[in-house]
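Laboratory data are not the source of any read-out in this text; all were calculated from the coordinates shown. Source: prediction; values computed, not measured. Cβ coordinates were reconstructed from backbone atoms using ideal geometry, including for glycine residues, and neighbour counts include every protein chain displayed.
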Amino acid sequence: MRNPIIEFRQVEYQISTISSQPILSVVSLQIHRGETIALLGRSGSGKTTLLKLINGLRRATSGHVLVQGRDVRDWDIIRLRRGVGYVIQETGLFPHLTVRENVCLVPQLENWPSDRISARYVEVLQSVGLSPSLYSQRYPRELSGGQRQRVGVARALAGDPEILLMDEPFGALDPVTRAQLQREFLTLSRDLAKTVVFVTHDVREALLLGSRVILLDSGRMVAEATPQEFVRLTHPIAREFLAAAELATGAPA
Amino acid sequence: MNALQFMLSHRSEVLAATREHLILVLISMAIASMIGVPLGMVIVGHPRLRVVALAIASVMQTIPSLALFGFLIPLPLIGGIGAHTAIVALVLYALLPILRNTYVGLTSVDPSILEAAEGMGMTEYQILFRVRLPLASSVIMAGIRTAAVITIGVATIAAAIGAGGLGTFIFRGVAMVSDAVILAGAIPAAILALLADFILGLVERRLRVV
């Protein structure tokens, strides 16, 4: 049995011990190298919290979160985060830095030699479909939503992390751009062979991009399935998601 | 004799006083910025110190300027007659806008940007210097601009404790009941204030992101 790259053992998370309703209750989950995990759920289901437990932006109230076999509590948190790419909605780019400065931030903090940084910048920008020279001096405000999101992905990939965390990466985009970026991401994630965990409330996105879908509801994991299995799930929450998607599109996913 | 004639006939005196005034203001602003900006950075992480520092700076602003100069005269080391006492008072006045704007600027950075920085593995120190401070710079500069305009005005009163500057003409004019002499101090002071406001406003706009 290979070791999971990320593991949740009986993890619970609550903001204060007084409130009875935990944000996450008893989640156990193993994620293996190369998987693309979709954390699917409605707002407030705890999916973003689950994601943030991996890079230590949130700390488990009880239980253990292990990354590469080591408890997040025992990691040097800065080291851990530099090795885990993090993509959030387009607002996460630094508005005072150019595209190049945004993308090269982690390699620069890691004191890479400048020729290696330059090479890496070209490499990651090309991998997200942007011209390295055209965009290097532009500021985030000069980009479209889709371009910003590509830069966000490039920035997360720049430090060559083994794990990529994405919090509703395509959420703020128009449907056409979103579909395009989803397709590109699918190709990209196959090429890169990284472990990806992403959060979404869009069941179609979860089924399209995820190699495994984790369904969360009110802080609990209610289902875990491959996309093929997911469409046949009988759990009421899963049915609700599927039904809503069919209603929205007029055709089954 | 009207003010213009007076200024022309005493132009070397007016220029010298303007230079004195400007030096008083520049030294005071430099010191106030060197205290206010770092202190503003420190109080972001220290709520108790924040309350005390902002309270003291606010109280300073409420003391009438002539009284503040008066209070300082009998104090050892920082007190007495002359420019150095005036600088102490001007620094105390300039501190609040700089301190407050630094604090507000640093704490009003979009939380999602700060979380992205944290999630990327930036240390607290790196987040402060590479994210918060650059994004707060135009707000900090607005505080410095406000402080500069206040300081140019208040510095005219420094003449009362022998610090020189454009206030010399104003006090002399009051004593002589001569509008022309008062204006010889007041007009250059007003021009300085407008210029400072304009130039620092340009800097502020340049620093503004988005």
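Odds and ends about this structure:
- Restricted to Cα atoms, the range B:105-159 shows a radius of gyration and a Dmax of 16.5, 55 angstrom.
- Take every pair of alpha-carbon atoms less than 8 Å apart whose residues are at least six positions apart; their mean separation over the length of the range A:43-173 yields a relative contact order of 35 percent.
- Projected label distance in nm at A:ARG42 and B:ILE73, using a 7 Å step from Cα toward the beta-carbon: 7.4 nm
- Potential lengthening between A:SER28 and A:LEU134 on full extension [0.36 nm per residue; Cα-Cα distance subtracted]: 33.7 nm
- Prolate/oblate/rounded call for the range A:137-253, Cα gyration tensor, a/c under 1.5 rounded: prolate
- With contacts taken as Cα pairs under 8 Å and at least 6 residues apart, chain A reaches a relative contact order of 26 percent.
- A Gaussian network model of chain B, with springs between Cα atoms under 10 Å, assigns the largest mean-square fluctuation among B:ALA136, B:ALA55, B:ALA193 to B:ALA55.
- With q set to 0.12, 0.17, 0.19 Å⁻¹, the log10 of I(q)/I(0) for the range A:51-192, from the Debye formula over equal scatterers at the Cα positions, is -0.50, -0.96, -1.15.
- Springs between Cα atoms under 10 Å define the GNM used for chain A, and in it the highest mean-square fluctuation of A:ARG100, A:ARG148, A:ARG73 occurs at A:ARG73.
- The range B:101-171 and the range A:196-216 have Cα centres separated by 46 Å.
- Computed from the Cα positions only, the extents of chain B along the three principal axes stand at 69, 39, 22 Å, in decreasing order.
- 0 to 90° range, to nearest 10: angle between helix A:175-192 axis and chain A longest Cα axis: 80 degrees
- Largest mean-square fluctuation among A:ALA225, A:ALA60, A:ALA243, in a Gaussian network model of chain A whose springs join Cα atoms under 10 Å apart, belongs to A:ALA243.
- Computed label-point distance, nm, for sites A:GLU229 and A:THR61 using a 7 Å Cα→Cβ extension: 2.9 nm
- Taking a ≥ b ≥ c as the square roots of the eigenvalues of the alpha carbon gyration tensor, chain A is oblate, as a/c is not under 1.5 and a/b does not beat b/c.
- Between the range B:1-65 and the range A:14-56, the alpha-carbon centres lie 53 Å apart.
- Restricting the range B:161-210 to trypsin sites (Lys or Arg not before Pro) in coil, as DSSP defines it, with at most 14 other Cβ within 10 Å: B:ARG208
- For the range A:84-161, relative contact order (Cα pairs under 8 Å, six or more residues apart, normalised by length) works out to 53 percent.
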